[in-house]
Amino acid sequence: MLSRIFKAPFTGCAWGSSRLLINGCCLVYLVIAIKLLSIYFLWNADLLMGIALAPYICRVKHGEHSMRYFLPSVIFGVIALIFPVKTTLFVALLFAVLLFFENFKGKVSLVLFFLLLLVSPLFIYISNAISFPIRIWLSEVVAGILSMGGIAAHASGNIIELNGAEFSVDQACAGLHMLSMSFIICLFIIAHCQRQTIKRLGFIEIALLLALTFLLNIVANLCRIMLLVLFKIPAASVLHDVTGVICLLVYVILPLLWLSNFYLKRSAKIEKHPRQKQLVRLVPDEVRYPFIHLLFAGVLIVIACNLKSMDELSNKGADAVTLSGYKKQLLESGVIKFDKPGQLVYLKPTPFYGPEHNPMICWQGSGYNFTRIRKQAIAGREVYSGILAKGADKIYSAWWFDNGSLKTVSQLEWRWTAAQGSKPFYLVNVNASSEAGLLKAVADLPGVR
């Protein structure tokens, strides 16, 4: 009986109530989406490209309704209630809207779901977390390949030294710019191939193609860096960007065009024809499971009205954190500042579900440029280190993650440990005016308590 109540659409004389429900849910979702666009999304080239491609990618199978987004809507709705931050609200809203639309109009192409995730800040957070270790690894691989070819090359962090010249593997070479563009191109190719055939790819098949795109992107970046180093092309040169475009075309786009067609022929399912549009138009649009959509809309309103910042959720134990011998100050941003003559230490609470927020992001926002970034061991601690430069000003910096018992630079290790219920982790950032001062500051730094 209860399932019938949940499932029953509005019919007959209740058609006006059905329209009221549809308009009400649309209004709630639209207001929350506008709010997120203003406070959460970054209006960059990726977002604008996603908006431009959405009408082409969005294919609706009218009359073929689905509940496939119900379980994700429930899971992320609960997560957003527990952790009411902008990212969880966005994901909960995304699944709720897709569930509502597929119960109202019909099934939407899965490619659109992946596209919305890619143009959101969620992808930026994930990309920032993985791009830095990839940059260090690419530098080492390029130096190793050149050395095997008889060319004297050496990698020190993100710096490749070749015949006395230095080349920096910056974020543009192996960061989110080329990666996000590759993913968006992959989704466009999938959507185009599906439009040209009567076949469609499922969730797993699309995810596998995106994973393959990631590997192709790594290969493209590797070849690009080798060409830039071998031909000594400076970052300010037009050839620097031209080389990147050529590598993207040769090592990513062309293979994807061939692989997508091949994959569709071998793995894709033949798309079933929906009910005839003439028949569908005779029946007015109705909302299936009205109670569920009202519940989700109410939950999203509660979350949107109680949004908190990541700092508010992670700073609960900040007052108890101490470093012996340092003067402590709690900043408005949630960062804990410790200082003493010649040394400056920042501690930022980092929950396992939070975005990456390393010193390269913070200090660059203050006008500094990071150079000579590398992984090294100081006093038995494995840390990342680099030099911050702004004009004649230089700051030597090191950072790692610490919860008092575990000290690591591995994103996977500290997040997994924190997710299992360990003591809170902090991003520890030590800064000094000289390299010798940094080594001494790290070696003498007491553990986080």
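The values are calculated or read from the model by the stated rules, or taken from the named source; none is laboratory data. Just so you know, these numbers come straight off a predicted model, no measurement behind them. Backbone-built Cβ (ideal geometry, glycine too); neighbour counts: all protein chains shown. Quick note on the areas: whole protein, heavy atoms, side chains included, nothing else; ligands and nucleic acids left out. Shrake-Rupley method; radii C 1.70, N 1.55, O 1.52, S 1.80 Å.
Scanning the range 234-259 for residues that are in contact (Cβ under 8 Å) with a residue 40 or more places away in the chain, hydrophobic (A, V, I, L, M, F, W, C) and either touching a Phe, Trp or Tyr at 6+ places or on another chain (Cβ under 6 Å) or open to solvent by less than 30 Å² (accessible area, probe 1.4 Å) (or both) returns Leu248, Val252, Leu256.
Which ones in the range 389-400 are in contact with an Asp or Glu (Cβ under 8 Å, 6 or more places away or on another chain) and touching a residue at least 40 places away in the same chain (Cβ under 8 Å)? The answer is Tyr396, and nothing else. Taking the range 204-220, which residues are under 19 Å from the mean Cα position of the chain (by Cα) and open to solvent by 70 Å² or more (accessible area, probe 1.4 Å)? Matches in the range 204-220: Leu208, Leu215.
Taking Phe132, is it within 23 Å of Gln376 (Cβ to Cβ), crowded, with 18+ Cβ neighbours inside 10 Å and not acidic (Asp, Glu)? It is true that Phe132 is within 23 Å of Gln376 (Cβ to Cβ), crowded, with 18+ Cβ neighbours inside 10 Å and not acidic (Asp, Glu). Counting only helices (runs of 4 or more DSSP H) that sit completely within the range 110-202, those holding 1 or more residues that are closer than 19 Å to Thr243 by Cα correspond to 121-148, 171-174, 176-196.
State which residue is surrounded by the fewest Cβ atoms within 10 Å (Cβ to Cβ) when the search covers only the range 71-92 and only residues that are in contact with a helix residue (DSSP H, G or I) (Cβ under 6 Å, 6 or more places away or on another chain) and closer than 22 Å to Gly202 by Cα. Filtering first and then ranking leaves Pro72. The single residue among Arg200, Arg195, Arg224 that is in contact with a Phe, Trp or Tyr (Cβ under 9 Å, 6 or more places away or on another chain) and crowded, with 16+ Cβ neighbours inside 10 Å turns out to be Arg224. Across the range 17-59, the qualifying residues are those that are open to solvent by 30 Å² or more (accessible area, probe 1.4 Å), of a type in the set (Gly, Ala, Ser) and within 21 Å of Phe123 (Cβ to Cβ), and the one among them that is farthest from the chain's Cα centre (by Cα) is Ala52. Of everything listed in (1) at pLDDT 90 or above; (2) closer than 30 Å to Cys193 by Cα; (3) open to solvent by 50 Å² or more (accessible area, probe 1.4 Å), the single unmet condition for Val108 is (3). Assessment of the range 118-125 against the conditions (touching a Pro at 6+ places or on another chain (Cβ under 9 Å) and open to solvent by less than 20 Å² (accessible area, probe 1.4 Å)) yields at least one matching residue. Could you please tell me which pairs satisfy a Cβ distance under 7 Å, a separation of 6+ or placement on different chains, a first residue in the range 67-82 that is touching a residue at least 24 places away in the same chain (Cβ under 8 Å) and within 16 Å of Lys308 (Cβ to Cβ), and a second residue that is loosely packed, with under 15 Cβ neighbours inside 10 Å and aliphatic (A, V, I, L, M)? Pairs found: none. Among the residues that make up the range 142-149, is at least one of them at pLDDT below 85 and not hydroxyl-bearing (Ser, Thr, Tyr)? Checked against the condition, which is being at pLDDT below 85 and not hydroxyl-bearing (Ser, Thr, Tyr), the range 142-149 yields at least one hit. Quick test for you: out of Ala398, Ala436, pick the one residue that is modelled with pLDDT of 90 or more, closer than 28 Å to His154 by Cβ and either open to solvent by 70 Å² or more (accessible area, probe 1.4 Å) or outside any strand (DSSP E or B) (or both). Going through Ala398, Ala436 in turn, the sole match is Ala436.
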